[in-house]
Each structure stands twice: as C-alpha cells, then as structure tokens.
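Q: Before I ask anything, let me first share the structure, which is written out below as structure tokens.
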Amino acid sequence: MAVHSLRGFRDLLPPDSERFAAIEAAAREVFALYGYRELRIPTIEMKELFVKSTGETTDIVEKEMYSFTDGGGREVAVRPEGTPGVVRAYIEQNLSQSGRNAKFYYIGNMFRAERPQAGRFREFEQIGAEHIGNASPFADAETITMLLKLLEKAGLPDCTVDLNSLGCAECRRNYRQTLLAYLRGCQARLCEPCRGRIERNPLRALDCKIDGPWLAGTAPKLALCPDCAAHFARVQELLKLSGIGFRVNPGLVRGLDYYTRTVFEVRSSALGSQDAVCGGGRYDDLVKSMGGPSAPAIGWALGVDRLAMLLKDRAAPGGDPAVFVIAAAKDAADRAFRLLADARAAGIAADFSDFGLSLKSQMRSADKSGASFALLIGEDELKAGTVTLKPLKEKGDQFSVPFPDAPSTLSKLLNS
Ligand code: ATP
Ligand code: MG
C-alpha cells in the first residue's frame, strides 16, 4: 500500500498555500497597527493545561483532543487551541511584570480529532489575538474593531458580528441554577450527550449543535448584574462609535468554559453549516484560576482555513515568475544562467526549466509558468551579446536588447 496522508490532514498546494500566506501577512500588518506582538507557543503542552483551562466538559477536551503519554510517562496533548498556551506563557514568563501592554498574537496550526468535512479539518490554522490585563470596555471594542480591520484587509469586507454577554461568575452562578432547573424539566427532548452533562455544565446545552437552536427560543435568558450590564452597554456604544455592524444574539454562548462577559462570533452564510470564521470573548478569571495574577483578558481566534475558503473566488496572490529564461543553444546555458542571476538581483522573479532541453520544450514550460516574458539566448544572441525578449501574455513582437540592459528594460516593461 502506498503511503498516504491521514484523514482530516491535508496538503496545502499553491495557490491555496499562497492564499494562507497572504492572510497571515495582512494579519501581521494589522496587528502592528494595534500594538500586538507575536508570541510563539509550543505545539505540545501538558494535557492538564487544556483540561483545566479549555474545560473538562467542552467538546474540545472531551472528544477532540490528541493526547498521549510520551516516552517519559507524561500526559501531553497537541494543542487544540491557542489561548491556554498564551495564558501559561504569560504566567510562566512573568509577563505581567514587564511594564508593557500584554497584547499578543499567534499564528499556528491547531489539532482536533473531529469528523472531517467541508471546512472542518483535524489540523487547521488559527490566527489569534489575546489582550491580557485590561478589563475596560475599550479593550473589547478595540479587539473587535481590529478583527474586522483584519478581515477587511484580508479581502472579506462587510462582516457582521454576533455579540452577547455571558456575565461574570456571579451572574452565571444564579443563571446556572435557573437553567439547570429548566433543562431538567425538558430532559426527554435533549440529545444524549447533553442529557449526560447538564448537571456538570448546563450552559453547554445552549452551544450544542442539536439542542442549541431550539433552546435559544425557549430557555430562560441570563440576567446580567448591574456592572456586567453597564460593561456590555458600553461595548455596544463603542462599537457603534467605531462604525462596526453587530447584532446582539442572546443565544450565543460559545463552547469553551472560560468565557466571561463579552463573547462574539463572525459568521458567513457562504460557508454553509461550518459557518463560523472567528470566535472570541473575555476571560476575566482564567489567568487567576491557572495560578497567575488577577488579570482580566479578552481574545479571539480566526479560522484561516475557513477564511481562505471564503476568498477562493478572488485571484490568488501571484506566485508566478515574471520572466522565464531559455537557452536556445547548447553553449548558451552559462550565459542564460547568468541572466537568471542578474534578473533576480534586480528584483525580478525569474525561473527556467532545463537548459539542456529543446527550444520547443523550454517554450512550453515558459507558456505554462505564467511569466510575462520569455528571455531567449541562442547562437545569434551569443554572437551579438544580446537577449531576445518575447512577450507571453500580451500580443507584441519579440525584440532584442543588449545583455547588460535586459534587467532594467524588463523592470520598466513589467512596471508599466
Ligand atoms: P465550530 O462551532 O465550527 O466547531 P468552534 O467553536 O469549535 O467552531 P473555536 O474553538 O472558537 O471554534 O475556533 C475559532 C475558529 O477556528 C472557528 O470559528 C473556525 O473558523 C476555526 N475552526 C475550529 N475548528 C476547526 C476545524 N476543525 N477545522 C477548521 N477550522 C476550525
Ligand atoms: Mg468545534
């Protein structure tokens, strides 16, 4: 049997790989504008980190985590999401003591053993942002504004945000009881997994793909304490001030345990059932509960695979060479090789196939390459000390220029 890739794991070929890179580049640009700096966290962490932070009763930890015992007998897990690692680093590296804003972004692959389907993979990429140590509604508004700027910059304008508040631990404690009583009363209607976990985590039922939709209409709603209500109102005010389109969706609860107060999601109907592009929210108690200082925080994670799917119809950022060099005679190869180097030194993307092949075969490669010009060096050019430029994309006759002038002539032509 031939070796093949695992289910849910995939090769990203050009131009898809280039689409990913363009999204990452747009993200880096926007992060820099907002004062976010990159954090590179490990791919593998202690399993306990995710159990404690993501939450024991979440889908991620309960069913989707790749965890194993390593050679040293340690229980480890391949990261299913980025926030726990960032929080661990913040605590372990004493980042609260640095005197600087703790605004971090990460770009990396995450791993979840889910059923693979369109827009759902077992290895996928997330771009995430975390702002730790700021409780104010300005931080909420800033991070959501930044997210939309990023999506716009990446090529996805006009997104709307679903927004909700889950309140603080206090609001949740009261709500938990009310909701649990309600769910106990309609146990028969709940799906099997929800029935099994309502006692441990009643809120999860609201995020369930099966029960969530009907519960959204019927279940009692969370009532915010005055502080949480004021915070939520202020976030909405600031978003309006920033010209951000959003709608308050009381059914939005998100699947992770650590969220408090503001939660949000960006969806696109163009994605079908896997419609969430990005999700995030506040996690005011997580850092402390993980053994760190009291540090309220907010963050989000964007699914790059899904965003790339949404941008599929747009022209991929070019990975094509601008010129393709051809040696049309045996002893022209060294000269042609030199031309490649000169073109590249002038900042012109240049490629070639195999100088030993026939002129016809090299021309075929040039046509396929997507280059704008073929540069030919044959017997005549060698004698005259010239290069022949043949337009490949636009109509026009071929013409010759002195060898040393080729790069500057091409630069002018390519930029015009
Ligand atoms: P979903 O409800 O679609 O399972 P989620 O709530 O599990 O999403 P988060 O943990 O919030 O997702 O991750 C943020 C983003 O990462 C999602 O909005 C999505 O774009 C992307 N994402 C999550 N899981 C996958 C996956 N298995 N394959 C591809 N992208 C994913
Ligand atoms: Mg999920």
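The values are calculated or read from the model by the stated rules, or taken from the named source; none is laboratory data. Keep in mind that what you see is a predicted model, and the values were worked out from it rather than measured. Backbone-built Cβ (ideal geometry, glycine too); neighbour counts: all protein chains shown. Quick note on the areas: whole protein, heavy atoms, side chains included, nothing else; ligands and nucleic acids left out. Shrake-Rupley method; radii C 1.70, N 1.55, O 1.52, S 1.80 Å.
Q: Out of Gly280, Gly292, I need the residue that is open to solvent by less than 20 Å² (accessible area, probe 1.4 Å), at pLDDT 95 or above and within 16 Å of ligand 1 (Cβ to nearest atom). Which one?
A: On inspection, the qualifying residue turns out to be Gly280.
Q: While we're here: For segment 276-289, enumerate the residues that are under 16 Å from the mean Cα position of the chain (by Cα) and either free of Cβ contacts under 8 Å to residues at least 40 places away in the same chain or more than 16 Å from ligand 2 (Cβ to nearest atom) (or both). Outline the logic, then answer.
A: First pass over segment 276-289, keeping only residues under 16 Å from the mean Cα position of the chain (by Cα): 276-280.
Result: Ala276, Gly279.
Q: Looking at (1) farther than 16 Å from Glu265 by Cβ; (2) loosely packed, with under 14 Cβ neighbours inside 10 Å, which is the only condition Lys209 fails?
A: (1)
Q: Further question on the same structure: Of the residues Glu152, Glu114, only one is more than 16 Å from ligand 2 (Cβ to nearest atom) and either over 22 Å from Val86 (Cα atoms) or among the aromatic types (Phe, Trp, Tyr) (or both); which?
A: One residue alone meets the criteria, Glu152.
Q: Here's something else I'd like to know. Report, by residue number, each residue of segment 155-167 that is more than 14 Å from ligand 1 (Cβ to nearest atom), closer than 22 Å to Asp313 by Cβ, touching a residue at least 60 places away in the same chain (Cβ under 8 Å) and not β-branched (Val, Ile, Thr).
A: Gly155, Asp158
Q: Scan segment 71-94 residue by residue and report those that are in contact (Cβ under 8 Å) with a residue 12 or more places away in the chain, of a type outside the set (Ser, Thr, Tyr) and away from ligand 1 (no atom under 16 Å from the Cβ).
A: Filtering segment 71-94 down to residues in contact (Cβ under 8 Å) with a residue 12 or more places away in the chain leaves 74-91.
Retained after the next criterion (residues that are of a type outside the set (Ser, Thr, Tyr)): 74-82, 84-89, 91.
Residues satisfying the conditions are Arg74, Glu75, Val76, Arg88, Ala89, Ile91.
Q: Let me ask another. What residue, of Glu170, Glu199, Glu152, is open to solvent by 50 Å² or more (accessible area, probe 1.4 Å), more than 16 Å from ligand 1 (Cβ to nearest atom), assigned to a loop (DSSP other than H, G, I, E, B) and modelled with pLDDT under 95?
A: Exactly one residue qualifies, and that residue is Glu199.
Q: Right, another one. When the residues of segment 95-142 are filtered to those that are more than 16 Å from ligand 1 (Cβ to nearest atom) and out of contact with any strand residue (DSSP E or B) (no Cβ under 9 Å at 6 or more places or on another chain), which remaining residue is least open to solvent (accessible area, probe 1.4 Å)?
A: Step by step, filter segment 95-142, then rank; the result is Ala141.
Q: Give me a count of the residues in segment 323-364 that are open to solvent by less than 20 Å² (accessible area, probe 1.4 Å) and under 40 Å from the mean Cα position of the chain (by Cα). Write out each step before concluding.
A: Residues of segment 323-364 open to solvent by less than 20 Å² (accessible area, probe 1.4 Å): 323-327, 329, 332, 336, 339-340, 343, 348, 350, 362.
After this cut, where a residue has to be under 40 Å from the mean Cα position of the chain (by Cα) as well, the list is 323-326, 339-340, 343, 348, 350, 362.
Count: 10.
Q: Return the total of residues in segment 207-258 being away from ligand 1 (no atom under 15 Å from the Cβ), part of a loop (DSSP other than H, G, I, E, B) and without any contact (Cβ under 8 Å) to a residue 24 or more places away in the chain.
A: The first filter runs over segment 207-258 and keeps only residues away from ligand 1 (no atom under 15 Å from the Cβ), leaving 214-215, 217-248, 250.
Narrowing further to those that are part of a loop (DSSP other than H, G, I, E, B): 219-225, 242-245, 250.
Remaining after also requiring without any contact (Cβ under 8 Å) to a residue 24 or more places away in the chain: 243.
Of the residues in segment 207-258, 1 are away from ligand 1 (no atom under 15 Å from the Cβ), part of a loop (DSSP other than H, G, I, E, B) and without any contact (Cβ under 8 Å) to a residue 24 or more places away in the chain.
Q: Go through segment 4-26 and give me each residue that's touching a strand residue (DSSP E or B) at 6+ places or on another chain (Cβ under 6 Å) and not assigned by TED's automatic domain parsing to the domain that holds Glu38.
A: Phe9, the sole residue that qualifies.
Q: Can I ask one more? How many residues are among the small types (Gly, Ala, Ser), in contact (Cβ under 8 Å) with a residue 24 or more places away in the chain and over 27 Å from Val161 (Cβ atoms) if we restrict to segment 290-300?
A: 2
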